[in-house]
Structures are given as C-alpha cells and as structure tokens.
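Below is one structure, written out as structure tokens, with a few remarks after it.
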Amino acid sequence: MTTSSYTPPKVWTWQAASGGQFAQINRPIAGPTHEHALPVGKHPLQLYSLATPNGAKVGILLEELLARGHAGAEYDAWLIRINQGDQFGSGFVAANPNSKIPALVDHSQHPPLRVFESGSMLLYLAEKFGEFIPTNPAGRTECLNWLFWQMGSAPFVGGGFGHFYAYAPEKLEYPINRYAMEAKRQLDVLNRRLAETPYVAGEQYSIADIAIFPWYGGLVKGWLYNAAEFLQVGDYPHVIAWADRLLERPAVRRGRMVNRVMGPLEEQLPERHDASDFELRTADKLAAQG
C-alpha cells in the first residue's frame, strides 16, 4: 500500500484550491458569492436542479405524480450548473442555504415554501399528494427506513468512492480501497433486500426506490463513475433486475432527462416547463437521425 508523508497541521487553513474537477467551486464558507434571482415559471412547483443522482430523484417523482393524474404536480425545472457556481447565487442560497442541488419552491403555498435536501423533498411531495408512501405505520416506517438509509449511505459512494476513484487529481490507494469496500458493502445490503422483495420497501414502488435508484441503479448500470467493472456489479443480480424494472417505467425515463446536460443528446432536457418538452426532444432526435 502506498503511503503519504503528509502530516496534518495543528490548525487547518484554506490556502489553495484542493485540486480536482470541482476545485474552483469548493470553499470552507457558506452564503452567496453573487446576486442572482431565481427564475420563476408558470407552474406551482419550481425545481432548481442538475441531473446528478441527487438531482434526478425529484424529477422522477414529479413525473410519476403527473403520470398518476396530479395536475398540482406540474412544475418548471431550471438548470443549475454547479460547475459554474450557480448554487452560490443569492436566490439559490435563499432557497437552499446549504448551496446544494436540488432545491424546490412550492408557490401553491402562501408565502411560497422552500424545500431543500432531496430526501425532504421526496417526503414533502409524497405526503402532499398522498402517493408513493405507505399509509399504514409498518409500511411507512419501512419506507422511511430505506429513504434515510440512502441519505446516510450515498455520501460514502459519491463524496467517498466517486471522488477518489473518478475526480481526485491523484489516485490514492488507501481511500479508493476504503470507499470501494464500502460501496460494495452497500450494494450487498441492497442486493440481499431485493432478493426478498420486488421493491426496496416491500411489495409497492415508493419514494425509497426513487431515492435509491439514481445512485445504486446508476452504479450497476454503469452510469456512475464508469466503475461497473471495477466494482464487479455482476455480483448484485437483484439490484440489476430492480434497476431494469424501474427503467421500464416511462416516468422514470422522463425524470432522468430533467436538467440533464450530459450523456446522449436524446437523454438531455436542460429545462422542463411542459410535458411537450419531452416530445420536442424526441422530435429533435429523429430530425438529427434523418
């Protein structure tokens, strides 16, 4: 194992950018860096996001709610380019003081109600519309068990494994091994659960699946960090089957497109203001192929 001669100082100070893909936007203080008001569209719900695993969750749930006929779930989705520091604009910080995507503002409430942290947003919308969360105590508790499992576990996959494996300016053996082990342990937790039941919280599809899918479905489908071979995702057949089952849902496929600016063009929808935006993207794809 490689070793480092670095000795931490008695007092850490921020002296230089830390390196890596996001070095220019990382800083040890909170608050806005510039004045910028958030745009507001015509719908009750305003989503400000980017289709990272955390960002994709809310788009998927909103599309699922619309598919079930909830007109009040209509929304505008505005692109927040985190690599350009959009999340530090004054309007975004007012919506989410933690300066992380996604953020949601519900204009059906007076005054408008901000909702931040993706797990909180999923729970808020599920309860607002009475969908995708069980109403009986046992089912609801199991759903929330797995929702909070994801919120607590995924930072080890993203900020841990993903950072050191894919983004860090230097490949270091110890952190990659440490976080790869934890990512595989978490996949095994999920695989064992999905060997018992078709959806994470039980027999019914829920916000637990919606929260977990972009992260762990992304790992086994090879979308995250190009790490499927490295992590030997074939060891988790039940997770793969579950991810494939979710991808059969049209709302999941649409939700993954919302605020996406990476990957195949036909899977990108930088902003969403109407259901017809998805049809226009399909038309653009056919025109390009023609």
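The values are calculated or read from the model by the stated rules, or taken from the named source; none is laboratory data. This is a predicted model, so every value here is computed, not measured. Counting neighbours? That spans all protein chains shown, and the Cβs are built from the backbone with ideal geometry, glycine included.
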### When residues of the range 128-181 are limited to those that are without any contact (Cβ under 8 Å) to a residue 12 or more places away in the chain and aliphatic (A, V, I, L, M), the one nearest to Arg193 (Cα to Cα)
Ala138
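Look at the range 63-78 and say how many of its residues are in a helix (DSSP H, G or I) and among the small types (Gly, Ala, Ser). Write out each step before concluding.
Here is the first cut: in the range 63-78, the ones in a helix (DSSP H, G or I) are 63-67, 71-73.
Cutting the leftovers down to among the small types (Gly, Ala, Ser) gives us 67, 71-73.
Of the residues in the range 63-78, 4 are in a helix (DSSP H, G or I) and among the small types (Gly, Ala, Ser).
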### Task
Identify the residue in the range 60-93 that is in contact (Cβ under 8 Å) with a residue 40 or more places away in the chain and small (Gly, Ala, Ser) and, among all such residues, is farthest from Glu267 (Cα to Cα).
Ser90
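A quick yes/no check of all residues on (1) closer than 17 Å to Glu64 by Cα; (2) without any contact (Cβ under 8 Å) to a residue 24 or more places away in the chain; (3) of a type in the set (Gly, Ala, Ser):
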| residue | (1), (2), (3) |
| --- | --- |
| Arg185 | no, yes, no |
| Glu196 | no, yes, no |
| Ile207 | yes, no, no |
| Pro214 | yes, no, no |
| Leu219 | no, no, no |
| Tyr236 | no, no, no |
| Ala241 | no, no, yes |
| Arg245 | yes, no, no |
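Kindly indicate the residue of the range 116-145 that is of a type outside the set (Gly, Ala, Ser) and within 15 Å of the chain's Cα centre (by Cα) and also surrounded by the fewest Cβ atoms within 10 Å (Cβ to Cβ) among those meeting that condition. Walk me through it before giving the result.
So the first thing to find is which residues in the range 116-145 are of a type outside the set (Gly, Ala, Ser), and the list is 116-117, 121-125, 127-129, 131-137, 140-145.
From what's left, within 15 Å of the chain's Cα centre (by Cα): 116-117, 121-123.
On the way: Phe116: 19, Glu117: 17, Met121: 25, Leu122: 25, Leu123: 19.
Result: Glu117.
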### Task
Looking at (1) buried (at least 20 other Cβ atoms within 10 Å of the Cβ); (2) not assigned by TED's automatic domain parsing to the domain that holds Val239, find the lone condition where Gly162 falls short.
(2)
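If we keep just the residues of the range 92-107 that are of a type outside the set (D, E, K, R) and more than 21 Å from Arg260 (Cα to Cα), which is farthest from the chain's Cα centre (by Cα)?
First, the residues of the range 92-107 that are of a type outside the set (D, E, K, R): 92-99, 101-105, 107.
Restricting the remaining residues to those that are more than 21 Å from Arg260 (Cα to Cα) gives 93-94, 97-98, 107.
On the way: Val93: 19, Ala94: 20, Pro97: 18, Asn98: 15, His107: 23 Å.
Filtering first and then ranking leaves His107.
Could you tell me how many of the residues in the range 124-134 are touching a strand residue (DSSP E or B) at 6+ places or on another chain (Cβ under 9 Å) and outside any loop (DSSP other than H, G, I, E, B)?
Of the range 124-134, the ones touching a strand residue (DSSP E or B) at 6+ places or on another chain (Cβ under 9 Å) are 124-125, 128, 134.
With the extra rule that they be outside any loop (DSSP other than H, G, I, E, B), the set shrinks to 124-125, 128.
The qualifying residues number 3.
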### Any chance His110 is over 30 Å from Gly202 (Cβ atoms) and under 17 Å from the mean Cα position of the chain (by Cα)
no
## Note on the structure
Checked pairs for the range 2-14, first modelled with pLDDT under 90, second surrounded by 10 or more Cβ atoms within 10 Å (Cβ to Cβ), C-beta under 8 Å and 6 or more apart or across chains, list as Thr2/Leu172; Thr2/Glu173; Thr2/Tyr174; Ser4/Leu172; Trp14/Arg27
